[in-house]
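The values are calculated or read from the model by the stated rules, or taken from the named source; none is laboratory data. All values derive from a computational prediction rather than experimental measurement. Please note: Cβ atoms are built from the backbone with ideal geometry, for glycine as well, and neighbour counts cover all protein chains shown. SASA here: full protein model, heavy atoms, side chains in, ligands and nucleic acids out. Shrake-Rupley method; radii C 1.70, N 1.55, O 1.52, S 1.80 Å.
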Amino acid sequence: MGRLGLGGHFEGLAAQLDGVFGADGVFAHDRLRFVDFVDDVEELLEKVAWQEGSDKEAADGFEEYMLRHYRG
């Protein structure tokens with residue numbers, strides 16, 4: 001993200017994601033519900049959209065798409 005000039009938008013993201021994925025890269029369902037994770041990511045995308053001069057609707061649909069395609 002830093003190389004793309006977006007590092008400032010994602011400060012603290014690593015801390016938020018710490019423990020969400022196991023060492024094997026698989027989502028840790030026992031630590032956080034996938035629905036809650038997707039909701040948090042959508043909120044982050046809305047914040048980035050707002051900071052980039054767009055409105056939060058630019059990120060609308062992310063949560064619905066993710067849950068429709070990846071929810072088990």
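Looking only at region 32-71, residues that are of a type in the set (Gly, Ala, Ser) and touching a residue at least 12 places away in the same chain (Cβ under 8 Å) come to 2 in all. Kindly indicate the residue of region 27-71 that is farther than 20 Å from Leu17 by Cβ and part of a loop (DSSP other than H, G, I, E, B) and also most open to solvent (accessible area, probe 1.4 Å) among those meeting that condition. That would be Glu52.
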